[in-house]
Amino acid sequence: MGKITFYEEKNFQGRSYECMSDCSDMSSYMSRCQSCRVESGCFMVYERNNYMGQQFFMRRGEYNDMQRMMSMGMSFDNIRSCRMIPYHKGQFRMKIYEKENFGGQSNEMMDDCDNIQDRYRMSDCQSCNVMDGHWLMYEQAHYKGRMMYMRPGEYRSFRDMMSGQRFMSMRRITDMC
């Protein structure tokens, strides 16, 4: 079970909202989020309501201001929704495809990949099928740039999920956080 607390002001000040599960719209609890504390578990936080827009992975720790979070790679300045990431025991499996709708070259992965172009000679990844585990996918090689959380399921088109999104590296979420 995870627990994250959001605060309207820096340094854990102002009105707060404690969350222990998914929350699709935080606007009824607080007008903005300028700091947060992850007491247990892992969470994906989102720029917009309903788990939309830019995403950022958060593990146990204190994030005392948005500027610090942005220096860690978060590319937005307010959190509007969050999703708890369940801990996964067991194997990790995902099949990635070069083109949308599971087309083009494909490769099955069971571990992290810091560069699909180097490892698989794939210039792009536009769809995938996550069979086991939870994954983070990054738009640039070496786990850099915007990220997206992928849980088990079929993802036919990344373009439909995020405008212009493509992924060049993937990492398993193995943390108990």
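The values are calculated or read from the model by the stated rules, or taken from the named source; none is laboratory data. None of these values were measured; they are calculated from a predicted model. Heads up, the Cβs are rebuilt from the backbone with ideal geometry, glycines too, and the neighbour counts pull from every protein chain shown. Quick note on the areas: whole protein, heavy atoms, side chains included, nothing else; ligands and nucleic acids left out. Shrake-Rupley method; radii C 1.70, N 1.55, O 1.52, S 1.80 Å.
What the table below lists for this structure:
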{"quantity": "Members of region 115-146 found to be within 21 Å of G53 (Cβ to Cβ) and open to solvent by 10 Å² or more (accessible area, probe 1.4 Å), listed by number", "calculated": "Q126, H134, Y138, E139, Q140, Y143, K144, G145, R146"}
{"quantity": "Cβ-Cβ under 9 Å pairs, at least 6 apart or on other chains, region 118-135 side modelled with pLDDT under 90, far side open to solvent by less than 10 Å² (accessible area, probe 1.4 Å)", "calculated": "S123/I116; D124/I116; D124/F167"}
{"quantity": "From the options Y155, Y149, residue that is aromatic (F, W, Y), without any contact (Cβ under 8 Å) to a residue 60 or more places away in the chain and either surrounded by 17 or more Cβ atoms within 10 Å (Cβ to Cβ) or out of contact with any helix residue (DSSP H, G or I) (no Cβ under 8 Å at 6 or more places or on another chain) (or both)", "calculated": "Y155"}
{"quantity": "Every residue from region 7-23 that is surrounded by 14 or more Cβ atoms within 10 Å (Cβ to Cβ), part of a helix (DSSP H, G or I) and either free of Cβ contacts under 8 Å to residues at least 12 places away in the same chain or not hydrophobic (A, V, I, L, M, F, W, C) (or both)", "calculated": "K10"}
{"quantity": "Residue check for M44: closer than 19 Å to Y155 by Cβ and free of Cβ contacts under 8 Å to residues at least 40 places away in the same chain", "calculated": "no"}
{"quantity": "Selected residue (only one of M94, M147, M131 is under 25 Å from E47 (Cα atoms), of a type in the set (A, V, I, L, M, F, W, C) and not in a loop (DSSP other than H, G, I, E, B))", "calculated": "M147"}
{"quantity": "Some residue of region 96-104 being of a type in the set (V, I, T) and within 30 Å of E39 (Cα to Cα)", "calculated": "no"}
{"quantity": "Strands (runs of 3 or more DSSP E) within region 24-67 that include 2 or more residues within 12 Å of T5 (Cβ to Cβ) and small (G, A, S)", "calculated": "35-40"}
{"quantity": "Members of region 55-114 that are without any contact (Cβ under 8 Å) to a residue 40 or more places away in the chain, open to solvent by 60 Å² or more (accessible area, probe 1.4 Å) and of a type in the set (D, E)", "calculated": "D77, E108"}
{"quantity": "Exclusive hit being of a type in the set (K, R) and more than 27 Å from H142 (Cβ to Cβ), set R68, R59, R37", "calculated": "R37"}
{"quantity": "So M110, is it modelled with pLDDT of 95 or more and among the aliphatic types (A, V, I, L, M)", "calculated": "yes"}
